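The values are calculated or read from the model by the stated rules, or taken from the named source; none is laboratory data. None of the values given here were measured: they were computed from a predicted structure. Here the Cβ positions follow ideal geometry from the backbone for every residue, glycine too, while neighbour counts run over all protein chains shown. For the accessible areas, the whole protein counts, side chains as well, though only heavy atoms, and no ligand, DNA or RNA atoms are used. Shrake-Rupley method; radii C 1.70, N 1.55, O 1.52, S 1.80 Å.
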2 protein chains.
Amino acid sequence: MLEHKDHFHGSDLEKIEVAMGIKKEEIVSFSANVNPLGLSEELKSFLSERLDVITSYPDREYTKLRKAIGNYIHCDPEHIIVGNGATELISLFLGALKPKKALLIGPTYSEYEREISLSGGIVHYYFTKEEQNFQLDMADFLLEAKKDYDLVILCNPNNPTSTTLTRKELSLLLSELDRQNCCLMVDETYVEFVEDEASVSAVSLVNEFDNLMVLRGTSKFFAAPGLRLGYGITGSSRILSLIKEYKNPWTINSIAELAGCFLFQDQTFMKATRELMEKERDFVLRELSAIKGLTVFPTTCNFVLVKIEKEGKDADMLFEYCIKKKMMIRNCSSFPTLDNRYFRICFMKHEDNLALIKAIKEAMN
Amino acid sequence: MLEHKDHFHGSDLEKIEVAMGIKKEEIVSFSANVNPLGLSEELKSFLSERLDVITSYPDREYTKLRKAIGNYIHCDPEHIIVGNGATELISLFLGALKPKKALLIGPTYSEYEREISLSGGIVHYYFTKEEQNFQLDMADFLLEAKKDYDLVILCNPNNPTSTTLTRKELSLLLSELDRQNCCLMVDETYVEFVEDEASVSAVSLVNEFDNLMVLRGTSKFFAAPGLRLGYGITGSSRILSLIKEYKNPWTINSIAELAGCFLFQDQTFMKATRELMEKERDFVLRELSAIKGLTVFPTTCNFVLVKIEKEGKDADMLFEYCIKKKMMIRNCSSFPTLDNRYFRICFMKHEDNLALIKAIKEAMN
């Protein structure tokens with residue numbers, strides 16, 4: 001029996017390795033939400049030929065990297081800050097905002113709460129409702145948000161519910177929050193997996209609203225969690241200049257700097273990812289929906305939340321069944337309001353998805 | 001004419017590139033203090049074959065990496081914290097200590113002051129004296145340190161003076177500071193360049209003193225500033241557990257994690273570096289000492305501080321003369337108590353050292 005199996009992060013494969021005697025390289029992670037295409041051969045050759053960048057400090061201003069990101073997301077590089085993963089960017093933004101009281105839309109990724117608590121702020125949650133498929137009830141939410149919050153954080157699409165707000169809804173929300181001097185931080189870690197990304201992403205809104213901060217990264221869509229390369233976008237020159245004052249130099253290493261410049265213009269990789277995801281999302285959703293005792297929540301990104309509603313079955317049991325077959329799912333019981341009836345899986349390559357569906361079917365019988 | 005030429009960091013080659021129209025790849029940096037041997041071919045093949053580590057999160061605990069460091073410095077991995085360069089480690093230690101008043105031994109690297117100020121502490125300097133070749137007068141220093149400081153920081157060997165305290169002197173200092181509940185942070189960025197490293201390094205003292213924190217890295221000796229891989233050592237379980245609470249996960253990327261495991265056991269590279277340094281240090285010191293109008297301060301590491309004492313000549317002039325020949329020296333006028341008569345150079349490959357000596361001779365005539 002594994003301990004704390006519901007808290008395993010995608011990076012905790014080492015612990016599984018020790019607990020189960022399975023080599024971590026052999027485990028297919030349906031838990032990490034990482035694009036299964038991995039790195040392209042072109043990127044690998046590109047990096048291999050340029051490893052000598054390690055002997056130089058990265059560019060303190062990351063000018064080329066920010067320009068590459070600007071081209072990719074159609075945004076002025078001056079509005080972009082690069083950071084060591086989303087974690088550093090959250091810290092940097094919180095350092096500038098110093099929020100006293102933040103409202104998080106939950107259930108969601110736990111790092112926001114951790115970072116706010118570390119910076120001395122108070123965290124409140126507004127929980128979306130399962131009856132509404134965890135979709136945000138905007139009118140009801142705005143009643144709560146009217147209270148004395150100075151920051152609202154949401155993940156869009158949201159982890160683990162995969163619910164999504166449209167750009168129009170975000171625009172409405174930003175207007176309302178602006179009136180009460182409240183900022184909005186939108187984590188778009190998964191936005192590139194959404195088919196109609198432009199209708200969902202808030203990036204273009206930084207030109208209209210200076211109470212907006214957007215977080216993005218390379219860990220999931222670009223399959224590069226090992227790079228530790230994230231970026232933040234804001235139109236607020238006040239926030240940008242505050243961050244410049246205390247930001248540590250060179251938190252992104254030279255390889256990540258170089259890889260970013262390659263990735264953000266790799267249209268072939270992006271197209272292949274979108275095609276794979278569309279196909280596999282359809283396939284997995286159809287198969288899961290056909291399994292008795294499972295409720296499958298809607299998704300437009302690269303993962304899906306599922307509820308087990310069958311006597312004697314739960315996510316603990318399913319986790320254990322799957323990990324023995326070297327497949328790791330995410331038991332969602334550590335997310336507030338969810339419990340061990342909920343699990344999350346991401347869409348992997350077809351043969352892996354087939355194997356997981358087979359295992360889930362077996363476990364549910 | 002270059003602006004702010006005295007403040008150029010080794011990573012600011014981009015600015016030189018723009019200002020001078022010289023490609024940064026063509027500039028030999030005698031300013032960055034980086035080992036001229038660069039990366040070994042073995043390390044490059046090792047990394048090239050393993051670039052897929054980018055698709056995984058680094059190990060949250062960095063167990064293998066800390067073990068490799070532990071073997072390298074003969075220290076319990078439990079006493080080691082890894083971080084994104086010395087900067088993150090300084091922040092982490094300061095976050096645990098929250099020093100109200102710190103005493104820095106100057107002139108020295110400016111990052112300590114910046115980090116303490118950012119964390120809300122007050123910085124005082126004790127300046128070593130040129131008449132004593134900038135060597136610390138321990139008895140006099142202890143009189144000052146007896147005042148109400150809670151932290152002393154020193155760089156050993158010190159940048160830019162290359163002065164060094166022995167392990168025995170550090171042990172005495174630690175005893176004295178311990179009595180008044182004051183911690184000591186020793187930055188050993190350059191210690192591996194010292195021939196008799198064991199007589200200088202404070203690492204083994206962490207077993208005796210829990211008011212000691214040692215900082216080390218891979219930027220200089222291992223020629224890998226682009227990795228952003230540093231480590232800190234302390235025997236204080238209080239500091240270690242505090243840091244664990246608020247440390248961001250995964251600030252070292254997967255490539256750096258992997259490269260570290262290779263570097264710290266690469267005896268061939270270490271031996272070659274020491275041999276090169278010994279030879280080139282002797283050569284450059286002999287040549288510089290023979291140039292009229294230069295005072296060359298003693299050094300046992302990989303760089304040397306030099307003072308220009310000739311009418312009409314200064315480091316501004318010398319910087320400009322050398323950069324036109326694609327060689328960058330460090331004008332030391334930004335260091336408190338020094339001015340534009342002082343410059344610092346590190347020892348590079350023989351042909352580069354030859355070229356620099358030639359240029360300095362020309363410029364001094």
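Residue by residue through B:41-47, how many Cβ atoms from other chains fall within 10 Å of the Cβ on average?
Across B:41-47, the average partner-chain Cβ count within 10 Å equals 2.
Quick check for me: using +1 on Lys/Arg Cβ and -1 on Asp/Glu Cβ, what's the dipole size of chain B about its Cα centre, in debye to the nearest 20? Please report the intermediate quantities before stating the final value.
Working: 44 positive and 54 negative charges, 61 e Å.
Roughly 300 debye for chain B.
Other chains near B:79-92: what is the mean number of their Cβ atoms within 10 Å of each residue's Cβ?
On the way: counts 0, 0, 0, 0, 0, 8, 6, 0, 4, 5, 0, 1, 1, 0.
Going residue by residue through B:79-92 and averaging, the value is 2.
Using the scaling law 2.2 N^0.38 Å as the reference, what is the normalised Cα Rg of chain A?
Relative to the 2.2 N^0.38 Å estimate, chain A comes out at 0.99.
Take chain A, connect every pair of alpha-carbon atoms lying under 10 Å apart with a spring to form a Gaussian network, then pick out the residue of A:140, A:148, A:314 with the largest mean-square fluctuation.
A:140
Averaged across the residues of A:57-63, what count of C-beta atoms belonging to other chains lies within 10 Å of each residue's C-beta?
Per residue, the average neighbour count from other chains is 5.
Along the charge dipole of chain B, pointing to its positive end and built from +1/-1 on Cβ of Lys, Arg, Asp and Glu, which listed residue (B:333, B:204, B:86) has its Cα farthest out?
In chain B, that residue is B:333.
Please report Rg over Rh for the protein assembly as shown, where both radii come from the alpha carbon positions and Rh follows the Kirkwood definition.
Using only Cα positions, Rg/Rh for the protein assembly as shown is 1.00.
State to the nearest 20 debye the size of the charge dipole of the protein assembly as shown about its Cα centre, where the only charges are +1 on K and R beta carbons and -1 on D and E beta carbons.
Values: 88 positive and 108 negative charges, 12 e Å.
Its charge dipole is roughly 60 debye.
For the stretch A:119-175, which trypsin sites (Lys or Arg not before Pro) pass both filters: DSSP loop (anything but H, G, I, E, B) and at most 14 other C-beta atoms within 10 Å?
Passing sites in the stretch A:119-175 are A:129, A:146, A:147.
With Cβ to Cβ distances under 15 Å as the rule, what net charge do the other residues near residue B:253 carry (K, R +1; D, E -1)?
-1
Over chain A, what is the percentage of antiparallel beta bridges among all DSSP beta bridges, to the nearest 5?
Numbers: 19 of 39 bridges.
Roughly 50 percent of the beta bridges in chain A run antiparallel, per DSSP.
Please report how many Lys pairs in the stretch B:179-332 have alpha carbons closer than 13 angstrom, counting only residues at least 8 apart along the chain or sitting on separate chains.
Lysine pairs, 8 or more places apart or on different chains, close enough: 4.
Once R0 is set to 35 Å, what does the formula 1/(1 + (r/R0)^6) return for the Cβ-Cβ distance between residue B:325 and residue B:142, expressed as a FRET efficiency to the nearest 0.05?
That gives a FRET efficiency of 0.15.
Taking a 1.4 Å probe, which of A:124, A:74 shows the most accessible area, and what order do the others take after it? Numbers along the way, then the final one.
On the way: A:124 75, A:74 160 Å².
From most exposed to least exposed: A:74, A:124.
Nearest 0.05, what FRET efficiency do residue B:78 and residue B:198 give at R0 = 22 Å with Cβ-Cβ as r?
Given R0 = 22 Å and the Cβ-Cβ separation, E is 0.50.
Count the net charge of all other residues whose Cβ sits under 13 Å from the Cβ of residue A:310, scoring Lys and Arg as +1 and Asp and Glu as -1.
+2
Counting Lys +1, Arg +1, Asp -1, Glu -1, what net charge surrounds residue B:114 among other residues with beta carbon under 15 Å of its beta carbon?
Here the count lands on -3.
Go through B:190, B:34, B:236 and say which Cα lies farthest out towards the positive end of the charge dipole of chain B; charges sit on Cβ, +1 for Lys and Arg, -1 for Asp and Glu.
Of the listed residues, the answer is B:34.
Taking the Cα centre of each part, how many Å lie between the stretch A:47-85 and the stretch A:286-318?
Taking the Cα centre of the stretch A:286-318 as reference, the centre of the stretch A:47-85 is 40 Å away.
Compute the Rg/Rh shape ratio of the stretch A:181-336: radius of gyration over Kirkwood radius, all on alpha-carbon atoms.
Expressed as Rg/Rh, it is 1.04.
I want to make sure I understand the PRE zone here: with the label point 7 angstrom from the Cα of residue A:127 toward its beta carbon, which residues in the stretch A:299-336 have backbone N atoms less than 15 Å away?
Within reach of a label on residue A:127, which here means backbone N under 15 Å from a point 7 Å along Cα→Cβ, the stretch A:299-336 contributes A:332-336.
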